[in-house]
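Asks: Supplied in structure tokens, the structure appears directly below.
Values in this text are rule-based calculations from the coordinates and carry no lab data. Not measured: the values here are computed from a predicted model. Note that we place each Cβ from the backbone using ideal geometry, even for glycine, and neighbour counts take in every protein chain shown.
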Amino acid sequence: METGIQVVACTVEGEEYAIEIKRVQEIIRVLETTRVPSSSPYISGVINLRGMVIPVMDLRKRFGLPSKAPGETARIIVINRNNEMVGVLVDSVSEVIWLPAQSVETPPSGVSGANTEFFSGIGKLGSRLLIMLNLERIFEISDSVSSGRGLF
């Protein structure tokens, strides 16, 4: 039996990323967020999703990319993080993909930069390359961890 992982493919600023589907609770259209004063700059605000208050992280801001109002294709991927829900705002979500284990590689050693810590690997699917997101690193917010604020 072939091993591998199922991922949700999404885009941010034209780049294709992948999130393991076992971490995804649901994918929703963008809802209006309520800004939380003194929250991390990466947090767009909070949403009310069926009675649950969920913080929403803007991946554009987290990756240091230019801010942009969410377009028609933008989505919030609701992630289950240790039994807490966190939304991740992306430009679009395209599909669910099965990646065989042998098609996922660690990032090449020559690739470095401020955001490479957020990646756990590269998934190859034909000519497509999907950057595997390391959600734990993305949710670690150094400036707020030191102040004890967590995501807020």
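Asks: Relative to the present Cα-Cα distance, how much length would full extension add between E72 and S103 at 0.36 nm per residue of separation? Present the calculation step by step, with values, prior to reporting the outcome.
Replies: Details: separation 31, 0.36 × 31 = 11.16 nm, distance 3.17 nm.
Between E72 and S103, full extension yields an extra 8.0 nm.
Asks: Among 25-34, 9-18, how do they line up from the highest to the lowest mean number of other beta-carbon atoms within 10 Å? Intermediate results must be reported in sequence, preceding the final value.
Replies: Values: 25-34: 14.3, 9-18: 18.1.
Put in order of decreasing packing, that is 9-18, 25-34.
Asks: Could you name the aspartates and glutamates in cross-link range of K61, using Cα to Cα under 18 Å and dropping any fewer than eight places away on the same chain?
Replies: Partners found: E13, E15, E16, E32, D91, E117, E136, E140, D143.
Asks: Please state the shape class of segment 6-69: rounded when a/c is under 1.5, otherwise prolate if a/b exceeds b/c and oblate if not, all from the C-alpha gyration tensor. Show your work: numbers first, answer last.
Replies: Numbers: a/c = 2.10, a/b = 1.17, b/c = 1.80.
Judged from the Cα gyration tensor, segment 6-69 comes out oblate (a/c at least 1.5, b/c at or above a/b).
Asks: I would also like to ask the following. With θ taken as phi - 60° and the coefficients 6.51, -1.76 and 1.60, list the Karplus ³J(HN,Hα) couplings across segment 66-74 in order, rounded to whole Hz; mark glycine and proline as x.
Replies: x, 5, 8, 5, x, x, 4, 8, 4
Asks: Between M52 and E15, what is the FRET efficiency for a Förster distance of 41 Å, r being their Cβ-Cβ separation, to the nearest 0.05?
Replies: Numbers: r = 30 Å, r/R0 = 0.72.
FRET efficiency, M52 to E15: 0.90.
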